[in-house]
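The values are calculated or read from the model by the stated rules, or taken from the named source; none is laboratory data. All of these numbers come straight from a predicted model, not from anything done at the bench. All Cβ positions, even for glycine, are placed from backbone atoms using ideal geometry, and neighbour counts span all protein chains on display. With ligands, DNA and RNA removed, areas are computed over all heavy atoms of the protein, side chains included. Shrake-Rupley method; radii C 1.70, N 1.55, O 1.52, S 1.80 Å.
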Amino acid sequence: MFANWLRSGWASGRVTTDYPSRREHVLEKHHNWNIIPSIITPCHRFECECQDLCPTGAISKDKTGIQLDRAACIACGRCIAQCPQGVFAWSADIDLAVTRKDLLRQRGESRHDH
Amino acid sequence: MTTETHHPLGDWEQLEQNTAAALRKVFHRSIYVRHIDVGSCNACESEILALSNPYYNFHRLGLFFTPSPRHADLLLVSGVVTRAMKDVLLATYNAMPRPRLVVATGVCALHGGIFRNSSWVVGPVDRVIPVDAWVPGCPPTPYAVLQGILSAVQHRPEVSVCE
Ligand code: SF4
Ligand code: SF4
């Protein structure tokens, strides 16, 4: 087993990741990872119950649209599976850390808002 | 011997600057991390531990784990603060030399996550101690933890010694 690891390491020529010095390269390689949901279209439907569906209350809705608090999302995938409008989609953001907590709140703003 | 007008080591101000430059060179981006689990499910620990394996290899950036908060520059907190661990977290934080940085890791530490309604939970980490960087995810990928530590370190010039 150990010999296999050594051989695969030598064959690929790389044992250590090059993040963050070549961040784009690493992001490219992980583009198909399902890390966290992201709002891709705005939503104004009040009849859905995605707020109650979310186990941690990360989704909220008000007059301005839908909001996703990524500080609360545990990436269970329920919202993606249940939303009939396709508002949520998996994103591959591997570096989400911030120095201000409110930056983690994502809004689905409507283009028709006044 | 004649009394020297100049100090043998040269100008004091110059010496001070040289020493400061040398120290900066020695400690450049080198940070000792103390990890504390205040009520996590251990998935966050598994991801944090992955930082020190050969693949993520955070030692190449000058980051190291230390077993004592007395030697630590940065406190990595995972999990929601439980009643039993609140005093321990405060004691650990108070034992650290200043300036000190705090990184909250995982949804539990940021918000409470799936444990937020438990009666044995005090709340997220920022209810107990000030936090410099937030790492979302349940559990966060080691990349996110690494980025959290690095952004807290870049935040460092803003941290005053006297707080
Ligand atoms: S993935 Fe789960 S926790 Fe995250 S917003 Fe969707 S339902 Fe909530
Ligand atoms: S954030 Fe998720 S993985 Fe980390 S301790 Fe909490 S429940 Fe576990």
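Here are some notes:
- Total residues in region A:33-80, condition within 14 Å of chain B (Cβ to nearest Cβ), assigned to a loop (DSSP other than H, G, I, E, B) and open to solvent by less than 50 Å² (accessible area, probe 1.4 Å): 13
- Matching helices (runs of 4 or more DSSP H) fully within region B:56-163 where at least 2 residues are at the interface with another protein chain (Cβ under 8 Å from one of its Cβ atoms) and open to solvent by 20 Å² or more (accessible area, probe 1.4 Å): B:142-154
- Condition met for A:P84 (within 16 Å of ligand 2 (Cβ to nearest atom), out of contact with any strand residue (DSSP E or B) (no Cβ under 6 Å at 6 or more places or on another chain) and not hydroxyl-bearing (S, T, Y)): no
- Selected residue (criterion: nearest to A:R23 (Cα to Cα)) from residues of region A:95-109 that are open to solvent by less than 20 Å² (accessible area, probe 1.4 Å) and within 16 Å of ligand 2 (Cβ to nearest atom): A:A97
- Note on region A:81-94: residues that are assigned to a loop (DSSP other than H, G, I, E, B), surrounded by 18 or more Cβ atoms within 10 Å (Cβ to Cβ) and more than 12 Å from chain B (Cβ to nearest Cβ) total 2.
- Filter pass, B:S52 being within 16 Å of ligand 2 (Cβ to nearest atom), within 14 Å of chain A (Cβ to nearest Cβ) and among the polar types (S, T, N, Q): no
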